[in-house]
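What follows is a short report on a single structure.
Derivation of every value follows stated rules applied to the coordinates shown; laboratory data play no part. The model shown is predicted, which means the values in this text are computed figures rather than measured ones. Note: ideal-geometry Cβ built from the backbone for every residue, glycine included; neighbour counts use all protein chains shown.
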Amino acid sequence: MRKIRQVLRLHHDFHLSSRKIAQSIGISRDAVRDYLTRAAAADLPWPLPLGMDDAGLENRLFPVAPVLPFSRKPEPDWAASRYVWSASITT
């Protein structure tokens, strides 16, 4: 389980640095910075809205990327290319 809510609480309520937050929770400083950056990008207010649970918070910070359909490049016209390559072109 991610500790996003704790990171946000320590940052906004106690104004702790990312190093202090990382030490107190037991996660890396990069994870703390990532959570704070994502929260700022998602315009999350503090305190969080009353109805927002941990799953909603995680969905807001880590949106699922849309799955794009796989598209193949068109196959070359091998018959035409054989004709072009078999013609002797000399200069």
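Can you tell me which of 35-44, 3-12 comes out highest on packing, and rank the rest after it, using the mean Cβ neighbours within 10 Å?
Answer by packing, highest mean first, reads 3-12, 35-44.
Looking at ILE27, PRO74, ILE4, which one has the Cα that reaches farthest to the positive end of the dipole of the chain (charges on Cβ: Lys, Arg +1; Asp, Glu -1)?
Farthest towards the positive pole: ILE27.
Ranking PHE62, PHE70 by Cβ neighbours within 10 Å, fewest first, what do you get?
Result, fewest neighbours first: PHE70, PHE62.
Could you give me the ³J(HN,Hα) list for segment 37-45, computed from phi with Karplus coefficients 6.51, -1.76, 1.60 and θ = phi - 60°, whole Hz, x at Gly and Pro?
5, 5, 5, 5, 5, 8, 6, 7, x
Might you report the magnitude of the Cβ-based charge dipole of the chain about its Cα centre, with Lys and Arg at +1 and Asp and Glu at -1, to the nearest 20 debye?
For this selection, approximately 320 debye.
For segment 4-61, what ratio Rg/Rh do Cα atoms give with a Kirkwood hydrodynamic radius?
0.94
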